[in-house]
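Only one structure is covered here, and it is reproduced in the block below.
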Amino acid sequence: MGVGGALRGSAVRVSAASMARDQLVHAVLALWRTQVVLVFTFVMPLLWLLLLGLLAGNDAVGPDGVRVMQFATPTAIAMGTFFATLPPVAISVAEARETGVLKRLHGTPLPAWGYLVGRIGAALLFALGALLVTVLLSVLLYEVRLRTETLLAMAVTLVLGTTAFSAVGLAIGSLSRTASIAEAASIGSAVVLSFISGLFFVGATLPAWLDTVASVFPLKPYADALRDQFNPYLPGRGWDPAGLAVIAVWLVAGTVIGLGALRWERYRSRSAGPVQRQPVRPTPPGSSAPPSSLEARRTTDGQATRGRPRVRRPSALAVLAGQSRAALRGAARRPGDVFFSVVMPVGLFSLLVTVQPGDTLTDGRPAALVVGASMVTWGAGVALFMNLPEGVARARDTGLLKRMRGTPLPLPGYLAGRTVAGFVLTLVILTAILLLGAAAYGLRIGPAGLLLGLVVLLVGALSLAACGLLLTTLVPSARAVGTVGLAVLFLLSFFSDVFLIDGPDWMATVGSLFPLKHLQNGLAAAWEGAAAPVPWLDLLVLAVWATAAGALAIRRFRWQPATP
Amino acid sequence: MAAVEVHELRKSYGDLVVVNGVSFTVEAGEVFALLGPNGAGKTTTVEILEGHRRADSGTVSVLGFDPATHARAFLERIGIVLQDAGFEEDFTVLELVNLQRGLYPRRVPADALIETVGLTGKRKARVRTLSGGQRRRLDLALGLVGDPEMLFLDEPTTGFDPSARHRAWGLVEGLRDTGKTVLLTTHYLDEAEHLADRVAVMVEGRIVAVGTPAELTAGQRSVVISFRLPRGTPAAELPELGSMPVADGAGWTLSTAEPAAVLHALSGWALDRRIEIPALEVRRPSLEDAYLALVGSAAVEREDTAVRPGRA
Ligand SMILES: Nc1ncnc2c1ncn2[C@@H]1O[C@H](COP(=O)(O)OP(=O)(O)OP(=O)(O)O)[C@@H](O)[C@H]1O
Ligand SMILES: [Mg+2]
C-alpha cells in the first residue's frame with residue numbers, strides 16, 4: 001500500500017460556486033438513478049394528460065379553435081411540478097439522514113446550504129423537465145396554446161410554487177423520523193392535496209367547505225393560477241396576488257421549519273430507553289454453552305424446559321400465525337402503509353359519497369354501495385398489490401429474505417403470512433367503510449350479501465397478492481416496486497370503476513381483463529343481494545389471475561437482490 | 001501543542017452515563033488507540049471530538065478548535081471514518097471520492113487514493129455491488145480524501161481481510177511518518193499493539209489505563225504458560241501448579257508470577273510419567289492479556305458493588 005507520500009494533497013481554493021455546482025450535479029444524478037422519481041415526475045402527469053385526452057376528447061370548445069385540453073394541461077403541469085418537488089425533497093433528505101450519508105457530510109467542510117442547494121436545485125430542475133415535457137406534448141398533440149400575455153405571471157407562479165413545495169418537502173423530511181415516514185407523509189399529503197385541490201377531477205365540483213380547506217394550502221392557489229393563466233377567455237395578465245401570498249407564506253414557513261428541524265444524525269428508535277448493561281462474563285471452562293432462548297422458543301413454542309429443548313417441528317398453522325402476526329405488526333409500524341391502505345380509502349369513501357349529486361347513481365344503484373365497493377377494492381389493492389410486494393422486496397433488498405432462507409421457514413409460509421396480514425388490513429377497511437356507510441349514508445346490506453362479499457373479497461385478495469408478488473419478481477428495488485405498484489393501481493382504477501368516471505366503452509373492456517374491476521363489480525353485485533345472482537364470472541376471472549400470477553411469481557421468486 | 005486535549009468529559013443519554021469523566025491528550029504526530037468493550041463509550045467520545053455530538057460537560061480541544069463550534073476551518077483539517085455511515089448506493093466509488101474531494105482545500109489525487117485502499121478494480125462499480133470489506137475501504141478513502149492533519153478512525157478495519165488489514169496498517173504508518181495525528185478505536189488488540197504509540201482502555205465510560213502498549217503489558221507482572229496434554233491424560237492429574245490452568249481452545253493456559261517454579265513442577269511431572277507436553281509455550285503477556293485483565297477486573301468490581309446491596 002502506498003504510504004503518505006503518494007497521498008500528499010495539493011492545495012486549492014474551494015469556491016462556493018464549485019461546491020454548489022458539484023452538489024447540484026450529484027443530486028440530479030441521484031434523482032435520475034432513483035428512477036422512482038422519474039415515474040412521479042414524468043410518467044404520472046403524462047399518463048394523466050393522455051388519460052384526460054382520451055376521456056374528454058379534444059374537441060374545439062369555441063369557434064376560435066380553443067380545445068378542451070387547453071383546460072386540462074395546466075392541471076397536468078401543476079401535478080407534475082408538484083410531485084417533482086415536494087415528495088423527492090422530503091424523501092431524499094430523510095433517507096440521507098437515515099442511511100448516515102448526512103452524518104458523513106456533516107463531518108466534511110460542506111456547509112448546510114451547499115447540500116440544500118443541491119437537493120432543492122435538483123428537484124427544481126426536475127420540475128422544469130416535467131413542465132417542458134408536459135407543455136411540449138400538449139402543444140404538439142392537443143394544439144394547446146400558450147398565452148404570451150400571462151407568461152410572466154406564469155413563470156413567477158411556477159418558480160414561487162415549486163420553491164414553496166420544496167421548502168415544505170424539506171420541512172416534512174426534517175420532521176419525519178424515518179425515510180418511510182417521510183415517504184408516507186409526503187406522498188400521502190401530496191395525493192390528498194391533489195384530491196382536495198381538484199387536480200384529479202376535471203369538471204366536477206367539490207363541496208364549498210372543501211374548497212375553503214384546500215385554499216389554505218399552497219397547491220390549490222398554484223393550480224388555479226395556472227388554470228387561469230391558460231384560460232384564453234380570461235382577461236388580464238394572470239396575476240393572482242392573494243394566491244401568490246398564500247404560496248409565499250408556505251415558502252417561508254417551510255423554510256423556517258425545515259431549517260430549524262434539520263438534523264444530521266439519524267433519529268434513535270423511539271423505544272430506546274435507558275439501556276441496562278449486561279455484564280459480559282467469560283464462560284467457565286468446560287461448561288457447555290447454555291441453550292439459547294431463541295432456540296428453545298422455536299422448537300417448543302415457548303413451553304420449553306430450559307436446558308432440555310423438546311424437538312417438535314412447528315405446525316403449519318403455527319408458522320402461518322406467527323408470520324401473519326409479524327407481518328401485521330410490521331404494517332402497523334409503517335405509517336405509510338396504514339395511511340394508504342386504511343385511512344385514505346375510508347376518507348375517500350366519505351368524500352366521494354358526499355360529492356355525488358344524489359343518493360343513487362344514474363343506473364339506480366345506491367351511491368354508498370357502489371363507492372363503498374370501489375374503496376374497499378382500492379384499499380385491498382393498496383394493501384396487497386402495493387404494500388405487500390414492497391414489503392417483500394424490501395426484505396429482499398435488506399438481506400432479510402436471504403437470512404430467512406437459511407431457516408426452516410418454508411417460502412409458502414412466509415408469503416402466506418404476508419397475504420393474511422394484507423387480508424386482515426382489507427377486512428379492517430371493509431368494516432370501517434360498512435360501519436361508516438351504515439351510520440352516515442344509509443348503506444344497508446343483508447347478511448347473505450355480506451357473506452358473499454367476503455368470499456369475493458377473499459378470492460380478490462388472493463389474486464391481488466399473487467399479482468403483487470409477481471411484481472416483486474419483475475421490478476428490481478423495493479422503492480421501485482412500491483411506486484410502480486401505486487402507479488399501476490392508480491391508473492387501473494380509472495379503468496375498473498374504482499374511481500368513478502363515465503369513460504368510453506373500450507375502457508371498461510380494458511379494465512375487465514384485470515382483477516381490479518372484477519373485485520369491484522363482484523363486491524357491488526354481492527352486496528346488492530337477492531336482485532343479483534352470484535357473480536360467477538367475476539369470481540372466475542379473479543381465481544384465474546390468482547392461480548396464473550401466483551404460479552409465475554413462485555417460479556420467478558428471487559431471495560436476493562438482483563445484482564446490476 | 002497537543003493535537004487533542006480532553007478534560008473531564010461527560011456525556012449521558014437520559015439516565016445512562018456513557019462517558020464519565022474522561023481525560024486524555026494526544027500529541028501531534030501520535031497514533032492513539034482507544035480500546036474497550038462494546039458500549040464502553042468509545043464512539044461517543046470520538047464523535048464528540050469530531051463535532052458530531054455535544055458533551056454535557058468537560059473541555060475538548062482538537063487542533064486548537066472547540067469541535068462543538070463545527071467551524072469550517074476545523075472540518076477542513078480533519079478526516080473522519082465513522083463506525084456506521086451509509087453511502088449513496090447508486091453512485092460509483094470514483095464518483096463519491098470525487099464529490100467529497102471537491103469539498104476540501106487540500107486534495108489527495110483520487111486515483112492514487114483508490115489505489116491505496118485497494119479499490120482500483122472497483123473504481124467504476126456502484127456502491128451497492130461492493131462487499132462489506134470493500135465498503136469499509138471506501139469509508140477509509142473518503143476519510144483520507146481531504147489530506148487531513150488529524151484523522152479519526154472508528155473501527156476502521158472491521159470486516160477487512162487479513163491482507164487488507166495489513167495494508168491499512170501500512171497506510172496508517174505512512175500517515176504517521178508524514179506527521180499526521182491519528183485517533184483510532186479498534187477491537188483488534190494486535191492492531192492497537194502494532195499501530196498505536198499509546199493506548200487507552202475505556203470501560204463503562206471511564207479510562208482505566210493509558211500508556212504505550214509496552215507499559216500496559218509491563219504492568220502485568222505475570223507470564224503466560226500454555227500447553228496441551230497428550231490424549232488420555234485428564235487435566236485432573238496435573239500437579240499443583242500454583243494457580244489453576246484454564247481451558248483455552250484445545251489446550252490449557254495459566255498465568256503466573258513464578259514461571260520457573262511452574263515449569264519445574266510441570267516438566268518434573270511429565271518426566272515422572274514419561275509423557276510429553278506438546279505445544280508448550282512460555283510468553284510474556286500480550287496486550288490482549290493485559291486488556292482482558294483490565295476489562296475483567298473492572299467488570300468484577302462493578303458486579304460486586306452492584307450485587308451486594310441486593311443480597312444484604
Ligand atoms: N444516541 C444515543 N442515544 C442513546 N443511547 C446511546 C446513543 N448513542 C450511544 N448510546 C449508548 O451509549 C453506550 C455507548 O455507546 P458507544 O457507541 O459510544 O459505544 P462504543 O464503545 O463505541 O461501542 P462499540 O465497541 O460497540 O462500538 C451504549 O450503551 C449505547 O447504547
Ligand atoms: Mg463504537
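Worth a mention:
- Any strands (runs of 3 or more DSSP E) falling wholly within the stretch B:169-213 and containing at least 1 residues that are more than 20 Å from B:Ser61 (Cα to Cα), away from ligand 2 (no atom under 16 Å from the Cβ) and open to solvent by 30 Å² or more (accessible area, probe 1.4 Å): B:206-211
- Residue in the stretch B:47-54 that is within 18 Å of the chain's Cα centre (by Cα), within 16 Å of ligand 2 (Cβ to nearest atom), at pLDDT below 95 and open to solvent by 50 Å² or more (accessible area, probe 1.4 Å) present: no
- Candidate set from the stretch B:120-144 (those that are touching a strand residue (DSSP E or B) at 6+ places or on another chain (Cβ under 7 Å) and under 25 Å from B:Arg77 (Cα atoms)); member that is nearest to ligand 1 (Cβ to nearest atom): B:Asp139
- Identification of strands (runs of 3 or more DSSP E) wholly contained in the stretch B:6-80 with 2 or more residues that are within 12 Å of chain A (Cβ to nearest Cβ) yields B:16-27.
- Meets criteria (free of Cβ contacts under 8 Å to residues at least 12 places away in the same chain and away from ligand 1 (no atom under 16 Å from the Cβ)) for B:Phe91: no
- Flag if A:Gly336 is in contact with a Ser or Thr (Cβ under 9 Å, 6 or more places away or on another chain) and open to solvent by less than 50 Å² (accessible area, probe 1.4 Å): yes
- Residue satisfying condition, being within 14 Å of chain B (Cβ to nearest Cβ), among the polar types (S, T, N, Q), open to solvent by 30 Å² or more (accessible area, probe 1.4 Å) and on the phi < 0 side of the Ramachandran plot, within set A:Thr108, A:Thr148, A:Thr99: A:Thr99
- Every residue from the stretch A:1-48 that is more than 27 Å from A:Val484 (Cα to Cα), modelled with pLDDT of 85 or more and touching a Leu at 6+ places or on another chain (Cβ under 8 Å): A:Met19, A:Asp22, A:Gln23
Yes/no matrix, rows are residues, columns are (1) more than 16 Å from ligand 2 (Cβ to nearest atom); (2) modelled with pLDDT of 90 or more; (3) not assigned by TED's automatic domain parsing to the domain that holds B:Thr178:
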{"residue": "B:Glu8", "(1), (2), (3)": "yes, yes, no"}
{"residue": "B:Gly14", "(1), (2), (3)": "yes, no, no"}
{"residue": "B:Val17", "(1), (2), (3)": "yes, yes, no"}
{"residue": "B:Glu30", "(1), (2), (3)": "yes, yes, no"}
{"residue": "B:Thr44", "(1), (2), (3)": "no, yes, no"}
{"residue": "B:Val60", "(1), (2), (3)": "yes, yes, no"}
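- Within the stretch A:437-454, if we keep just the residues that are modelled with pLDDT of 90 or more and surrounded by fewer than 19 Cβ atoms within 10 Å (Cβ to Cβ), the residue that is nearest to A:Gly529 (Cα to Cα) turns out to be A:Leu450.
- Of all residues in the stretch B:147-162 being modelled with pLDDT of 90 or more and more than 16 Å from the chain's Cα centre (by Cα), the one that is nearest to B:His187 (Cα to Cα): B:Met150
- Hey, B:Ile78 buried (at least 20 other Cβ atoms within 10 Å of the Cβ) and away from ligand 1 (no atom under 16 Å from the Cβ) or not: yes
The values are calculated or read from the model by the stated rules, or taken from the named source; none is laboratory data. Quantities reported herein were computed from a predicted structural model and do not represent experimental measurements. Using ideal geometry, Cβ is built from the backbone for each residue, glycine included, and neighbour counts are taken over all protein chains shown. Protein only, heavy atoms only, side chains kept; ligands, DNA and RNA dropped before computing areas. Shrake-Rupley method; radii C 1.70, N 1.55, O 1.52, S 1.80 Å.
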